[in-house]
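Have a look at the structure below, then the notes.
What follows draws every value from the coordinates through simple rules; no lab data is involved. Fair warning: this is a prediction, and the values are worked out from it, not measured in the lab. Note that each Cβ is placed from the backbone with ideal geometry, even for glycine, and that neighbours are counted across all protein chains shown.
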Amino acid sequence: MPQMQYQVYVIELSKKVFTENAKFRNANPQFNGVLQCLYVGMTSKTPRERFKQHKSGYQNKKGHKLSSRIVQKYGMYLRPSLYNHIAPVPTRLEALKIEEKLALELRRQRYAVWFN
């Protein structure tokens with residue numbers, strides 16, 4: 001049985017998220033409106049599969065919502081150029097650390113970024 005791997009991914013969001021969502025805006029005081037609004041996540045699926053789940057409002061069998069409302073409403077497309085250089089990792093914890101590190105690095109570059 002192949003070992004599970006986790007991958008970090010980036011989705012470009014509509015800039016409407018910055019004007020319409022106060023939580024998003026408050027999390028990104030560095031944003032100057034020039035670069036894009038982004039969502040950084042991690043998954044054991046392919047980034048494409050995970051993006052489709054977000055857009056469909058995916059719930060698990062117990063009815064727990066597993067999609068981000070921000071991506072469901074504002075997600076436009078994947079941005080592989082921002083994550084393809086990051087190799088998949090074997091544990092969820094490693095992936096969460098990489099997700100946070102990438103999100104904060106993108107914020108330092110003045111993107112507006114949402115992550116969990």
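Observations on the model:
- Rounded to the nearest 10 degrees, the angle from helix 92-108 to the longest Cα principal axis of the chain is 20 degrees.
- Rounded FRET efficiency, nearest 0.05, which uses the C-beta distance separating Ser14 from Lys97 and R0 of 41 Å: 0.90
- Of all the options Val17, Val71, Val89, the one that moves most in a Gaussian network model of the chain with Cα springs shorter than 10 angstrom is Val89.
- The helix-based estimate of mean residue ellipticity at 222 nm for the chain, built from -39,500 (n - 2.57) per DSSP H run of four or more residues and divided by its residue count, is -10500 deg cm²/dmol to the nearest 500.
- Cleavage-rule hits, trypsin sites (Lys or Arg not before Pro), segment 1-67, DSSP coil, Cβ neighbours within 10 Å at most 12: Lys61, Lys62
- Taking a Cβ cut-off of under 9 Å around Phe115, the surrounding Lys, Arg, Asp and Glu residues balance to a net charge of -2, with basic ones at +1 and acidic ones at -1.
- Fewest-first ranking of Ser67, Ser44, using other Cβ atoms within 10 Å as the exposure measure: Ser44, Ser67
- For segment 1-25 versus segment 48-116, the inter-centroid distance based on Cα atoms is 4 Å.
- With respect to the chain, whose longest principal axis is taken over its alpha-carbon atoms, helix 47-56 is tilted by about 70°.
- Leu93, Leu78, Leu13 arranged by Cβ crowding within 10 Å, fewest neighbours leading: Leu93, Leu78, Leu13
- Between Ala22 and Leu104, the FRET efficiency from the beta-carbon distance, with R0 = 30 Å, is close to 0.90.
- Förster-model FRET efficiency, 30 Å R0, Val34 and Lys61, C-beta, rounded to 0.05: 0.10
- Using only side-chain charges placed at the Cβ, +1 for Lys and Arg and -1 for Asp and Glu, the dipole size of the chain relative to its Cα centre rounds to 380 debye.
- Sparse-neighbour loop sites [trypsin sites (Lys or Arg not before Pro); segment 72-116; at most 14 other C-beta within 10 Å; DSSP]: Arg110
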